[in-house]
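**Student:** Handing you a structure now.
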Amino acid sequence: MSLFKTLLSGSRFFKILPKEVWIGWVSSLVEAYNMAIYSFMAPLLAKLLFQQEAAGSAVFFSYSLVFVGSCFLYPAGAVYYGLIGDKRGRQKTCIYSTLGLAIATGMMGVVPIHFLGGSSWICFLILIGAQHFFSGGEYHGSVIFSLEHSGKKYSGFMSSLSCLFAVFGLVVANGLATLSFLIKDELWIRVCFFVGAIGGLISYFLKNHCQETPAFTAIPQRSLKEVNWSTFIQSEWRKIGTVVVILAFFIVSYTFIFIFLPLMHFDQTTSQNFDTFKSLIAYGFLLVVAGLLADRISIQKVMLVGIWLFFIAVVPLCRLCKNLLILQMILTACACLVIGPIHSWMLHQFEAQNRCRGIFVSSAIATSVFGGSTVPICLMIFEKSHSLVMCSIYPLTIALGSFVCLTFYKKTREVLA
């Protein structure tokens, strides 16, 4: 009943939200679509990009392109846009990165695959790298933009809504990619990339009519000029390290649940193909529930519970459960307790004048190490062991590290307080 009252109160709160919050959420939706569409299409594109390779090797190489982009280009973009966000404003960060991401995604749809033949993967590698560079400023930039405009009230709930709109983008990307597997038409594949470009251009024009966030405009001008990366990292390394570890859980758990597990359960039946689509819809609903719980209990406590539940569930489920939908649903429920309020938690780790740098640098480190590596690592483990249980050890290890780190960080903050 209390959750219902909170939701009802939150609905009244929606009426007074500035338009910038909604535009930030729309941008999160578009960014999530643009960054997810290739990953969902990778098994199908593998047959076109790596025609000379065996099926398993082609899929491995197809996902390896994402690894290269996330490992090298995303950190560069995050550091670059992190500096812009704290020096020139959140709006500038969102505008430039949104336009660049839209162009990179749209260009994927015009790559002449048959003309280039075995070299076409190079074009996709360049464009995936460009996507990750611009995404370094777009995703977290849009989230910070929305949350700073919405204020501190219902912070967990508002964080979960930022994630929810990103899930909307994932659902659309997964749905269109699944249809591509069923239709098997190259023109439809290209249309999927054009959809992302059109959405990005709409987001770009909307952001041009936004105001800067109150948190940024309240920062003294003198503080904006005092940008020293080395001093900042030396003074905030504990916060940065903790955020990196928690983001690692976010990245690895999401990738394991929604990209790797479908690969291991993939067949050509329609019901199987749409299991991930159904799980993503549940993912969005559970994110909102997690945000409401975080506001009622405590953001950090809810996140700790979610990490612990994922830790104790992932190996037994991978051992005993053969149904992809059930497996995804249970693991998603655990992961959502962490992912729902995570952006609000990150926002409050850094002061406003260092917020973009702190969050973007943390995301740069986490994404470069874990962003594109989860699927290749799990595929290699499966190739050697032929066991899904052995693959689940990887996300289990990340969950354990996250739980220990967040618990230690909590105690440290309590002592300092």
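**Student:** Which of (1) crowded, with 21+ Cβ neighbours inside 10 Å; (2) within 15 Å of residue 258 (Cβ to Cβ); (3) at pLDDT below 90 does residue 172 not meet, given it meets every other one?
**Tutor:** Checking residue 172 against (1) crowded, with 21+ Cβ neighbours inside 10 Å; (2) within 15 Å of residue 258 (Cβ to Cβ); (3) at pLDDT below 90, the one that fails is (3).
**Student:** Give segment 31-57 a look and list any residue that's farther than 14 Å from residue 124 by Cα and not in a helix (DSSP H, G or I), or say none.
**Tutor:** Those that are farther than 14 Å from residue 124 by Cα and not in a helix (DSSP H, G or I): 51, 52, 53, 54.
Quick grid of which residues meet (1) farther than 25 Å from residue 344 by Cα; (2) assigned to a helix (DSSP H, G or I); (3) at pLDDT 85 or above:
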{"residue": "200", "(1), (2), (3)": "no, yes, yes"}
{"residue": "227", "(1), (2), (3)": "no, no, no"}
{"residue": "233", "(1), (2), (3)": "no, yes, no"}
{"residue": "244", "(1), (2), (3)": "no, yes, yes"}
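**Student:** So which pairs qualify, if the first residue must be in segment 232-261 and touching a residue at least 24 places away in the same chain (Cβ under 8 Å), the second must be of a type in the set (D, E, K, R) and in a helix (DSSP H, G or I), the Cβ gap must be under 8 Å, and the two must be at least 6 apart or on different chains?
**Tutor:** Listed by first residue and then by second, the contacts come to 232/357.
**Student:** Going by what's in this entry, would residue 116 be described as touching a residue at least 40 places away in the same chain (Cβ under 8 Å) and over 16 Å from the mean Cα position of the chain (by Cα)?
**Tutor:** Against the criterion (touching a residue at least 40 places away in the same chain (Cβ under 8 Å) and over 16 Å from the mean Cα position of the chain (by Cα)), residue 116 does not qualify.
**Student:** Looking only at segment 52-105, count how many residues are of a type in the set (S, T, N, Q), more than 23 Å from residue 383 (Cβ to Cβ) and touching a helix residue (DSSP H, G or I) at 6+ places or on another chain (Cβ under 6 Å).
**Tutor:** 4
**Student:** Condition check: out of contact with any Asp or Glu (no Cβ under 7 Å at 6 or more places or on another chain) and free of Cβ contacts under 8 Å to residues at least 12 places away in the same chain. Does residue 57 satisfy that?
**Tutor:** Here the answer is yes, as residue 57 does meet what is asked.
**Student:** When you go through 83, 73, 125 one by one, which is the residue that is within 22 Å of the chain's Cα centre (by Cα), modelled with pLDDT under 90, of a type outside the set (Lys, Arg) and closer than 16 Å to residue 372 by Cβ?
**Tutor:** Every option except 73 fails the conditions.
**Student:** Further question: Taking residue 344 as meeting all but one of (1) crowded, with 24+ Cβ neighbours inside 10 Å; (2) of a type in the set (S, T, N, Q); (3) under 23 Å from residue 39 (Cα atoms), write down the number of the exception.
**Tutor:** (3)
The values are calculated or read from the model by the stated rules, or taken from the named source; none is laboratory data. Keep in mind it's a predicted model, so treat the numbers as computed, not measured. In this analysis, Cβ positions are derived from the backbone assuming ideal geometry, glycine residues included, and neighbour counts consider all displayed protein chains.
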